[in-house]
1. Tell me, Kirkwood radius of the chain from alpha-carbon pair distances, in Å?
2. Taking the 0 to 90 degree range and rounding to the nearest ten, how far is the long axis of helix 97-109 tilted relative to the main principal axis of the chain, both from C-alpha atoms?
3. Counting only C-alpha contacts under 8 Å and six or more residues apart, can you give the relative contact order of the chain as a whole percent?
4. Ignoring everything except DSSP H segments at least 4 long, calculate the 222 nm mean residue ellipticity for the chain; use -39,500 (n - 2.57) per segment, divide by total residues, nearest 500.
5. Long-range amide H contacts for A68: which residues qualify at under 5 Å (H placed 1.01 Å from N, peptide plane, sequence gap of 5 or more or a different chain)?
6. In percent, how large is the relative contact order of segment 13-80, given Cα pairs closer than 8 Å and 6 or more residues apart?
7. Can you tell me the 0 to 90 degree angle between the C-alpha axis of helix 41-58 and the longest principal axis of the chain, rounded to 10?
8. Based on alpha-carbon atoms only, what is the radius of gyration of segment 35-140 relative to the globular estimate 2.2 N^0.38 Å?
Amino acid sequence: MSGPERPPTGAGPDALIGAALMAAGRPVQVRELAGVLGIPEDAALRQVQAFAVRLDAANLGFTVEAVAGGYRLVVPATLSGQLAPLLAPPPLPALSSAALEVLAVIAYRQPVTRAEIEAMRGGSAGTVVTLQERELVKVVGRSEAVGGPLLYGTTERFLLEFGLRSVDDLPPLENANFSHLLRS
């Protein structure tokens, strides 16, 4: 007698979490892991945190990072130098100080118009285009001001590049220094 096909057994929570984080290619939210594991979100959060501890203890060359509202597998910074020859494409050139200033204004004041950026910087906000090309900022709407100027905000890629869970993790404005956060 044949019944409905059953999924293969034997895949424990660690195998499912590791496979999900590896296969997704993006940060995986706890609610998604809960669905994969078939357990409540609070239990899934405990499982992924325990998995991260076991993975670190095993010293396998990758670790779990909480970023952009989810979790992903990453290579620890201590190993990335040795892996540089394998990584492609080559990193983009570092952002100019003007681009970093514009990025900081957008990150801390979002949503913000180009005119507001220029007023805060005391200069042109021409590097917004560069930041958009690098997918660090995007148009998030239109202002209700006369003419409906575009509003800019940061992207998920911004969070990923700077290792932030959310913009709430930005350092206090008086301590902010984006240049030391850039990964070369």
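1. 19.1 Å
2. 70 degrees
3. Computed value for the chain: 17 percent relative contact order.
4. For the chain, the value works out to -12500 deg cm²/dmol.
5. So A68 has HN proximity to L164, R165, S166.
6. Values: 76 pairs, mean separation 22.5, N = 68.
It comes to 33 percent, rounded to a whole number.
7. That works out to roughly 90 degrees.
8. For segment 35-140, the normalised Cα radius of gyration is 1.50.
A short reminder: the numbers here are calculations on the coordinates, not readings from a lab. Worth saying up front: this structure is predicted, and the values here are computed from it rather than measured. Reconstructed Cβ throughout: ideal geometry from the backbone, glycine too, with neighbour counts over all protein chains shown.
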